[in-house]
Amino acid sequence: MLNWSLLAERRILAAMERGEFDNLPGQGQPLRWRENPLVPPEWRLAFDLLERAGLAPEWILRDAEIRAEIAALERKRERERLWMEERREALAAMSPEEAAAERERLRRVQKHTLEQVRFQVEKLNRKIADWNLIVPIVWLQRLPLDPGAVEAALQAAWGNLEETR
């Protein structure tokens with residue numbers, strides 16, 4: 001009967017003598033081995049290998065994408081608030097006729113922006129629903145965004161156009 005561990009040991013030693021393990025990343029350094037208590041024991045080796053390779057499981061990549069899109073929506077709201085402040089200042093310097101025309105134009109822009117944001121929220125909620133199906137830990141699932149709350153936050157950031165003049 002063949003002793004597999006002895007055979008493997010001999011092949012490893014022969015490869016070491018030929019220098020096949022020289023110049024490998026991390027050579028001469030201790031192995032990084034951290035136990036992640038959130039990862040089931042049977043998945044820990046796979047997660048560690050993925051992490052060392054600079055990769056991540058699909059559900060983690062999708063979570064990062066969802067977080068980035070939520071942050072982008074928040075940045076958009078802040079940009080819209082700043083933009084509307086600038087437009088209010090410009091309205092204050094306009095004649096009543098110019099201001100009325102500009103308010104109408106701003107309402108059209110706001111309507112278009114709200115439609116875009118609604119579409120983004122719907123798309124993001126579909127991603128969240130898909131992500132909830134693949135996340136391996138139930139308590140990590142996300143609630144969908146409330147389209148009404150997102151819209152209300154955007155409208156609050158804009159304020160009331162009629163308050164100017």
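The values are calculated or read from the model by the stated rules, or taken from the named source; none is laboratory data. Keep in mind that this is a model prediction, so the values were computed, not measured. All Cβ positions, glycine included, derive from the backbone under ideal geometry; neighbour counts span all protein chains shown.
Among the residues of region 141-154 satisfying the criterion of being surrounded by 12 or more Cβ atoms within 10 Å (Cβ to Cβ) and free of Cβ contacts under 8 Å to residues at least 24 places away in the same chain, which is farthest from the chain's Cα centre (by Cα)?
Asp146
Of the residues in region 39-71, how many are among the basic types (Lys, Arg) and closer than 20 Å to Ala129 by Cα?
Filtering region 39-71 down to residues among the basic types (Lys, Arg) leaves 44, 52, 62, 67.
With the extra rule that they be closer than 20 Å to Ala129 by Cα, the set shrinks to 62, 67.
Total meeting the criteria: 2.
Which residue pairs have Cβ atoms under 7 Å apart, sit 6 or more places apart or on different chains, and have a first residue in region 64-82 that is farther than 22 Å from His112 by Cβ and free of Cβ contacts under 8 Å to residues at least 12 places away in the same chain and a second that is in a helix (DSSP H, G or I) and not hydrophobic (A, V, I, L, M, F, W, C)?
none
Return the residue satisfying two criteria in turn: it lies in region 39-57 and is exposed (fewer than 10 other Cβ atoms within 10 Å of the Cβ) and assigned to a loop (DSSP other than H, G, I, E, B), and of such residues it is modelled with the highest pLDDT.
Residue satisfying both the conditions and the ranking: Ala53.
Here are Pro136, Pro144: which of them is at pLDDT 95 or above, part of a loop (DSSP other than H, G, I, E, B) and closer than 30 Å to Pro37 by Cα?
Pro144
Before we move on, is Ala56 of a type in the set (A, V, I, L, M, F, W, C), more than 30 Å from Leu161 (Cα to Cα) and within 14 Å of the chain's Cα centre (by Cα)?
Against the criterion (of a type in the set (A, V, I, L, M, F, W, C), more than 30 Å from Leu161 (Cα to Cα) and within 14 Å of the chain's Cα centre (by Cα)), Ala56 qualifies.
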